[in-house]
Amino acid sequence: MKKNQVNYYARIKERRFTLSLFAIYCGILLLMSGIHTGLIVLMNDLHCNVFIQSTVPILYWGLAALGITIFTRKRVKDTYEIPLHSMAEATGKVARGDFSVYVPPLHTADKLDYLDIMIMDFNKMVEELGSIETLKTDFVSNVSHEMKTPIAVIKNYAEILQLEQIEDEARKEYANSIENAATRLSNLISNILKLNKLENQSILPETEDYDLCRQLCECILQFEDAWDEKEIELDTRIEDAAMVKADANLMELVWNNLISNAIKFTGKGGSVTICQTSDESHIIVAVSDTGCGIAKENMNHIFDKFYQGDTSHSKEGNGLGLALVKRVLELMDGDIQVVSEEGKGSTFTVTLPVAGVGSHEF
């Protein structure tokens, strides 16, 4: 727990019935005892009969007891019953699926007690549940959309291939389209499973010391046909060697996704730059392109699952690549930052600890 959080909780009142309240009770009872003694003395001085001397104290203490009971009842009601009834009503709404519930704290920030903290934590929990519900709905919607497209392609071309009058060249073209759609569907399912395992930590990283520069070069060469086809100018600035402690297989996912995106979103004749540097504690890899860039309103969502700035889904991909990149780097104690300008390109900068410096042990 952070120091400021410790100080924050240290300021919280531990009691709802404060000591000052009990001091008030004690003072009232002492005062009433004094008044009772005064009444007895007064009635003796007035030579009141026995009936009055017996009845007046009984009435006096009866009214006093009634007053204290009503006051105590009101304090209990205000202190516990009303807040807990509000919480019970709110939890009932949440149980029925209403995540718009908000219970206001009972006191201002400088007078919080443990019941206020419980209410604030409840509100935070409901907000998180609402976010999860929204993500679940979006997830189902996006998965349905991403699966529907390749399945429709496979279905349509499979029906066409059943026709007898199709030429061999057209038949090969349709079969190739089916293969591409099946590959896209397979990649989607594979990425979903990978991301799910990473998020649930079903995949435990197998970290080792290895040369990141060599891995970068191998990943870049895999896309040689892609950049040649689009006549992209590739500029690489990579050191001779840089040792990192990480899971090589998972890190390969990072580089393949970043390089693939740079080529995919860069127009014909554009350029892609991959720059790797290092210092005593960190290795830094920047992948830059001169592509379409990212709109400002999309910047906060690019690492969300299934998020695509192109809402038409016309670009190849399923919006899982950067989510995988983000999760892998979190497991590797790494970080990723993006700088982008719409129409001018983007730069994704990955920072990893040098082997032996702040490396995470699994």
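Tabulated results
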item: Filter result (under 35 Å from the mean Cα position of the chain (by Cα), outside any helix (DSSP H, G or I) and aliphatic (A, V, I, L, M)) within segment 216-244; result: ILE238, ALA242, MET243, VAL244
item: Pairs, first at positive phi in segment 213-234, second surrounded by fewer than 18 Cβ atoms within 10 Å (Cβ to Cβ), C-beta under 6 Å, six or more apart; result: GLU231/LYS268; GLU231/GLY269
item: Filter result for the condition that a residue is modelled with pLDDT of 90 or more, assigned to a helix (DSSP H, G or I) and surrounded by 16 or more Cβ atoms within 10 Å (Cβ to Cβ), over ILE259, ILE336, ILE283, ILE274; result: ILE259
item: Residue match in segment 67-74 (condition: loosely packed, with under 13 Cβ neighbours inside 10 Å, more than 30 Å from PHE122 (Cβ to Cβ) and not β-branched (Val, Ile, Thr)); result: yes
item: Per-region count, segment 230-244, residues buried (at least 21 other Cβ atoms within 10 Å of the Cβ) and in contact with a Ser or Thr (Cβ under 7 Å, 6 or more places away or on another chain); result: 2
item: Condition check for LEU129: aliphatic (A, V, I, L, M) and open to solvent by 50 Å² or more (accessible area, probe 1.4 Å); result: yes
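Residue-wise test of (1) under 18 Å from MET332 (Cβ atoms); (2) aromatic (Phe, Trp, Tyr); (3) open to solvent by 10 Å² or more (accessible area, probe 1.4 Å).
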| position | (1), (2), (3) |
| --- | --- |
| TYR210 | yes, yes, yes |
| GLN222 | no, no, yes |
| ASP228 | no, no, yes |
| VAL254 | yes, no, no |
| THR266 | no, no, no |
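The values are calculated or read from the model by the stated rules, or taken from the named source; none is laboratory data. Keep in mind that this is a model prediction, so the values were computed, not measured. Using ideal geometry, Cβ is built from the backbone for each residue, glycine included, and neighbour counts are taken over all protein chains shown. Accessible surface areas use protein heavy atoms only, side chains included; no ligands, DNA or RNA. Shrake-Rupley method; radii C 1.70, N 1.55, O 1.52, S 1.80 Å.
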